[in-house]
Amino acid sequence: MLPIINGVATLGKDIELSYLPDGTPIGKMSLAFSDKVKKKGEWVDETLWINATHFGKQAEYVAGNTSKGELIEVRGTLRSNDWVDKEGKKHYDMSLM
């Protein structure tokens with residue numbers, strides 16, 4: 001079972017709105033989940049970046065009513081992906097759907 005995310009994140013950049021060939025809107029965004037954690041006796045900011053995608057009317061609404069830096073409520077399924085590129089470098093990605 002995939003983990004469900006339900007929380008508040010900061011929008012890392014303006015939403016990229018595009019459309020599928022059938023006209024379905026797709027909104028792609030970058031979300032920052034920030035927290036303070038104690039490391040070596042000091043409190044430091046720690047940020048987890050996650051990509052997210054909206055579909056349909058929700059994508060158009062969110063793209064038209066939010067902008068970079070705003071706090072937004074998010075809910076969705078967290079998915080992870082890892083791969084090795086042509087140079088042999090390993091990559092890791094997390095997405096919220």
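The values are calculated or read from the model by the stated rules, or taken from the named source; none is laboratory data. No experiment lies behind these values; they were computed from the predicted model shown. Neighbour counts run over all protein chains shown; Cβ positions are idealised from the backbone, glycine included. Heavy atoms of the whole protein, side chains included, go into the accessibility calculation; ligands, DNA and RNA do not. Shrake-Rupley method; radii C 1.70, N 1.55, O 1.52, S 1.80 Å.
Data for the structure
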{"item": "Checking D85 against (1) in contact with a helix residue (DSSP H, G or I) (Cβ under 8 Å, 6 or more places away or on another chain); (2) surrounded by fewer than 11 Cβ atoms within 10 Å (Cβ to Cβ), the condition it does not meet", "result": "(1)"}
{"item": "The stretch 20-51 - residue that is within 12 Å of T10 (Cβ to Cβ) and among the small types (G, A, S) and, of those, most open to solvent (accessible area, probe 1.4 Å)", "result": "S34"}
{"item": "Output for the stretch 15-29, where each listed residue is within 12 Å of the chain's Cα centre (by Cα) and part of a loop (DSSP other than H, G, I, E, B)", "result": "I15"}
{"item": "Test: T10 is surrounded by 11 or more Cβ atoms within 10 Å (Cβ to Cβ), modelled with pLDDT of 90 or more and of a type in the set (V, I, T)", "result": "yes"}
{"item": "Out of L11, L31, L17, L48, sole residue that is in contact with a Pro (Cβ under 7 Å, 6 or more places away or on another chain) and of a type in the set (A, V, I, L, M, F, W, C)", "result": "L17"}
{"item": "Residues of the stretch 9-40 satisfying the condition of being of a type in the set (K, R), touching a residue at least 12 places away in the same chain (Cβ under 8 Å) and out of contact with any Lys or Arg (no Cβ under 6 Å at 6 or more places or on another chain)", "result": "K28"}
{"item": "Cβ-Cβ under 6 Å pairs, at least 6 apart or on other chains, the stretch 69-92 side at pLDDT below 90, far side acidic (D, E) and assigned to a strand (DSSP E or B)", "result": "N81/D93; Y92/D82"}
{"item": "Index of the failed condition, Q58 passing every other in (1) part of a strand (DSSP E or B); (2) open to solvent by 40 Å² or more (accessible area, probe 1.4 Å)", "result": "(1)"}
{"item": "Only listed residue being over 17 Å from the mean Cα position of the chain (by Cα) and either assigned to a strand (DSSP E or B) or small (G, A, S) (or both), chosen from V8, V74, V44", "result": "V44"}
